[in-house]
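Structure first, then comments.
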Amino acid sequence: MKNMSNLIIMGPPGAGKGTQSERIVQELNIPHISTGDMFREQIKNGTELGKEVARYINQGQLVPDDVTIAIVKERLSRSDCSKGYLLDGFPRTLAQADALRKLTEEIHRPVQCALNISVDKDALIERISGRRVCPKCGNSYHVIFKKPRVENICDTCGSDLVQRKDDTPESLKVRLDAYENQTKPLIDFYKKEKILFEIDGLQNIDKVFEDILVILKGETK
Ligand code: ADP
Ligand code: ADP
Ligand code: ZN
């Protein structure tokens, strides 16, 4: 299949979903829909929703399905999704995957491709502990693997970079458990639908992106 543009990207916390998503959406000119970014935006703005989700996120637990599905439903209904979409960090449970099937049918854009980035646990710990993010535009950097041009300053907007509140060893443990128990079963879900594509996330950022492009552009390796 050529030029797929209804996409999801999956993988454990720190696998590189956000990093690859930034590049994919530039290449395909589709909206980047990150539930994590949307929740952090709500928290930053001090909304009711932000207050409700903060306690889950800070502890590393998943936000309840009904809340999460509702924000994705609203986001997918906006007109910019008429060209396609990249969902990053959603779905994370089977209930969310079922809901997504219905939502994407309603907008006549069923998911065509589920990219699954795999990375082993040691590398995840290394990536999460060195991750720095821009509080303004959400871009992520790494103190060793993706240094900003100027130390601790966002290349795009010049803001000071910060460490995410949930990028602590305690929270990471909870997140990895949530991934194993609740999210990993989705690999089989999308395998059965024959739209799962495996990506070796242990390679460097450029090489991972190259592999993704081969899949999205329908070129055979
Ligand atoms: P990571 O970089 O660890 O993959 P995200 O930025 O995608 O994390 O998400 C941060 C947090 O936001 C998660 O640990 C979880 O608490 C919440 N969250 C994000 N997406 C979902 C989702 N689809 N379902 C439930 N909770 C979510
Ligand atoms: P996720 O969205 O899956 O949680 P991120 O894209 O935020 O992951 O990446 C987690 C951290 O690892 C960031 O600091 C990022 O710069 C870094 N990173 C991403 N991809 C790679 C890679 N292929 N090799 C090394 N470091 C990476
Ligand atoms: Zn920035």
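Does the stretch 72-100 hold any residues that are assigned to a helix (DSSP H, G or I) and either among the hydrophobic types (A, V, I, L, M, F, W, C) or in contact with a strand residue (DSSP E or B) (Cβ under 7 Å, 6 or more places away or on another chain) (or both), and which are they? Break it down stepwise before answering.
Of the residues in the stretch 72-100, the ones assigned to a helix (DSSP H, G or I) are 72-76, 79-83, 94-100.
Answer for the stretch 72-100, where residues must be assigned to a helix (DSSP H, G or I) and either among the hydrophobic types (A, V, I, L, M, F, W, C) or in contact with a strand residue (DSSP E or B) (Cβ under 7 Å, 6 or more places away or on another chain) (or both): Val72, Arg75, Leu76, Cys81, Leu94, Ala95, Ala97, Ala99, Leu100.
Taking the stretch 134-144 only, how many residues are more than 7 Å from ligand 2 (Cβ to nearest atom), touching a strand residue (DSSP E or B) at 6+ places or on another chain (Cβ under 7 Å) and within 10 Å of Val162 (Cα to Cα)?
Going through the stretch 134-144 one residue at a time, the tally reaches 1.
Can you work out which of the residues in the stretch 1-27 that are within 9 Å of ligand 1 (Cβ to nearest atom) and among the small types (Gly, Ala, Ser) is surrounded by the fewest Cβ atoms within 10 Å (Cβ to Cβ)? Spell out how you get there, then give the answer.
Taking the stretch 1-27 and keeping what is within 9 Å of ligand 1 (Cβ to nearest atom), we get 11-15, 17-18.
If we keep only those that are among the small types (Gly, Ala, Ser) as well, we get 11, 14-15, 18.
Working: Gly11: 22, Gly14: 26, Ala15: 24, Gly18: 20.
So, considering only residues that are within 9 Å of ligand 1 (Cβ to nearest atom) and among the small types (Gly, Ala, Ser), the one surrounded by the fewest Cβ atoms within 10 Å (Cβ to Cβ) is Gly18.
Taking Gly50, is it out of contact with any Phe, Trp or Tyr (no Cβ under 7 Å at 6 or more places or on another chain) and on the phi > 0 side of the Ramachandran plot?
On the way: out of contact with any Phe, Trp or Tyr (no Cβ under 7 Å at 6 or more places or on another chain): yes; on the phi > 0 side of the Ramachandran plot: no.
No; evaluated as a whole, the condition is false for this residue.
Does Ser5 qualify as being within 16 Å of ligand 3 (Cβ to nearest atom) and among the polar types (S, T, N, Q)? It would help to see each step written out before you state the result.
Numbers: within 16 Å of ligand 3 (Cβ to nearest atom): no; among the polar types (S, T, N, Q): yes.
For Ser5, the condition - within 16 Å of ligand 3 (Cβ to nearest atom) and among the polar types (S, T, N, Q) - is not met.
Quick check on Asp155: is it within 13 Å of ligand 1 (Cβ to nearest atom) and at pLDDT 95 or above? Spell out how you get there, then give the answer.
Details: within 13 Å of ligand 1 (Cβ to nearest atom): no; at pLDDT 95 or above: yes.
So Asp155 fails the test.
It is to be established whether one or more residues within the stretch 91-100 are over 22 Å from Asn45 (Cβ atoms) and without any contact (Cβ under 8 Å) to a residue 12 or more places away in the chain.
Scanning the stretch 91-100, I find at least one residue that is over 22 Å from Asn45 (Cβ atoms) and without any contact (Cβ under 8 Å) to a residue 12 or more places away in the chain, so the answer is yes.
Enumerate the pairs (first residue in the stretch 173-191 and closer than 16 Å to Gln96 by Cβ; second residue anywhere and of a type in the set (S, T, N, Q)) with beta-carbon separation below 8 Å, excluding pairs fewer than 6 apart on the same chain, so at least 6 apart or on different chains.
Ala178/Gln61; Gln182/Thr93; Thr183/Thr93; Leu186/Thr93; Ile187/Asn116; Tyr190/Asn116
The values are calculated or read from the model by the stated rules, or taken from the named source; none is laboratory data. Small disclaimer: the values here were computed from a predicted structure and weren't measured. With ideal geometry, Cβ positions are generated from the backbone for all residues, glycine too; neighbour counts draw on all protein chains shown.
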